[in-house]
Amino acid sequence: MFKRAVALVVTAAMALVFSGCNTESTEATASIYTTVTESMMSLNEDGVKAVSAYKELLKVNKDSIQIIEKYFNVPTCGLHDINSDGIPEFYFFAATDSTGYSATFFVFTYDKASDSAVKKIEIPNIMYLSGGGGEYAIFTSPVALIVTRSSGSAETVTETIVYDMNFYKNGSYKLTQTHDAATERIVNKYFANGAPADQAAYDQLVTVHIDQATMVLASNIQAKSEEEASPLLSKPAAKVMNYESMLSYLIKLS
């Protein structure tokens, strides 16, 4: 499905993370949850307040989170200090609507002034059931949060969105791939911030973020072969939990 240029982005942390449609036993996953909850995050006073706000936010979104766990069989919630300010961010996948056929990705931060969780990022349809799903990888660097995802069948679109450390959108890159029936070849088109770009420029813009990646927050992409190597394969992956495990973890932290 993905060719060389796409492999630079979307083979991210394939062995480190979770398959979007995994139907294997949950025993191994459950042991991961146990490990996470036993390894407690160190928090300052503002961090404890943030966790308390996230705990209430999690409860409010219980139904929309758990329906994603039901249909996609994946862990949905994570806690990580994305912008390295000493206060963790809370991120999760929740149902786009009551059907649970697609998921939206959210990132929330803690606002000291209002003592509340504030939504910073919302990306709809990052996972979906129809048409085989959709693949994504979400990772951080010292200067950015990066979300890359792909969708489509007749035409595959891979989009990479870059956010700065204040969670403002700082760049968007696309690669479209179509099959040319006349030549039996895949035709690639590249775009940077909405404008056409050549392959070299696209690869450079996208790869710089991968090279600087420090943590994979979540992904449902798996390597297709050993040849699809990526610098992200050597990066650490954050622990992602289901609703109940995350609630238990936040209660312990607060």
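Computed from the coordinates by the stated procedures, all read-outs in this text should not be read as laboratory data. These numbers were taken from a predicted model, which means no experiment stands behind them. Every residue, glycine as well, gets a Cβ built from its backbone with ideal geometry; the counts of neighbours run over all protein chains shown.
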Q) If r is the Cβ-Cβ distance from V157 to M41 and R0 is 30 Å, what FRET efficiency results, to the nearest 0.05? A) 0.25
**Q.** Stretch gain in nm, segment A200-N125, where the contour uses 0.36 nm per residue and the Cα spacing is subtracted
**A.** 24.1 nm
Q: Go ahead and run the numbers for FRET between E244 and S98, Cβ-Cβ distance against an R0 of 25 Å, rounding to 0.05.
A: 0.75
(Q) Quick check on my link table: of K62/K235; K49/K169; K70/K239; K49/K120; K62/K169, which ones sit more than 25 Å apart, alpha carbon to alpha carbon? (A) K62/K235; K49/K169; K62/K169
Q: For each of D81, D211, count neighbouring Cβ atoms within 10 Å of the residue's Cβ, then give the residues from fewest to most.
A: D211, D81
